Amino acid sequence: MLAMNKYKILGTAVVAVVASVVTTSCNDKRSTGWEYAPNMYEHIAYDPDQKNEQFKDGKTAQVPPANTTPIGFTRFDFPSSNEGYAAAATGIVNPLAANPATLAEGKKLYITFCSPCHGATGAGDGEVVKHGFPPPPNYATGQSSRGGTMKELSDGKIYHTITYGLNAMGSYASQLAPEERWKVVMYVHHLQNL
């Protein structure tokens, strides 16, 4: 008889605990319970578009000081103009050593970023041309829209064009880091000689 009372008492206690948990958890629908690391979603830093009394103009997002270079950024001091193009033609040369590994990396980058328009061999027969877009000139036999043949393009001219774009070609400065652009320049020279 004592054993049956133990089971009744235990069963009643379990039912009471379960009932109290269910009723207390359903009262406040707005509460999500305890907060873990609330500073992850209630930040104290200013948002870029938020007013900020710490600066004279009241803006949080500030323009960098003049003549500064961001960390990890490589300066290219030739403007996006015909004068900048002409200056880059003789003013810069590829700083990378020509070797099979660098050429192979240049080929991978060229196939990924350039071949959709210029074609795998630089003949101007990429996929976009097959869909009605005007073909770019052939690297080996074509004429440059800025004068001269494509075969005569120097390191600086190709690098300037990749950086700023030309005609229907947009800039690839945001897709290709400076070192990657030099690898593509090296591979374009390889295609010029095919």
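The values are calculated or read from the model by the stated rules, or taken from the named source; none is laboratory data. Predicted model only: the values in this text are computed from it and were never measured. Using ideal geometry, Cβ is built from the backbone for each residue, glycine included, and neighbour counts are taken over all protein chains shown.
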Tally time: how many residues in segment 109-120 are buried (at least 17 other Cβ atoms within 10 Å of the Cβ) and hydrophobic (A, V, I, L, M, F, W, C)? 4
Could you check, for segment 123-130, whether at least one of its residues is in contact with a helix residue (DSSP H, G or I) (Cβ under 6 Å, 6 or more places away or on another chain) and of a type in the set (K, R)? no
So which helices (runs of 4 or more DSSP H) are wholly in segment 113-165 and hold at least 1 residues that are over 17 Å from R181 (Cα atoms)? 127-130
So which residues in segment 79-108 are of a type in the set (G, A, S), surrounded by 11 or more Cβ atoms within 10 Å (Cβ to Cβ) and not in a helix (DSSP H, G or I), if there are any at all? S80, S81, A98
Qualifying position, being small (G, A, S) and at pLDDT below 85, among G91, G84: G91
Residues located in segment 22-75, provided they are at pLDDT below 85 and not in a loop (DSSP other than H, G, I, E, B): V22, T23, T24, S25, P38, N39, M40
From the set of residues in segment 121-145 that are among the small types (G, A, S) and in contact with a strand residue (DSSP E or B) (Cβ under 8 Å, 6 or more places away or on another chain), which is surrounded by the most Cβ atoms within 10 Å (Cβ to Cβ)? G142
Looking at A97, A104, A123 in this structure, which one is closer than 17 Å to M150 by Cα and among the hydrophobic types (A, V, I, L, M, F, W, C)? A123
Return yes or no: is G170 small (G, A, S), at positive phi and surrounded by fewer than 18 Cβ atoms within 10 Å (Cβ to Cβ)? no
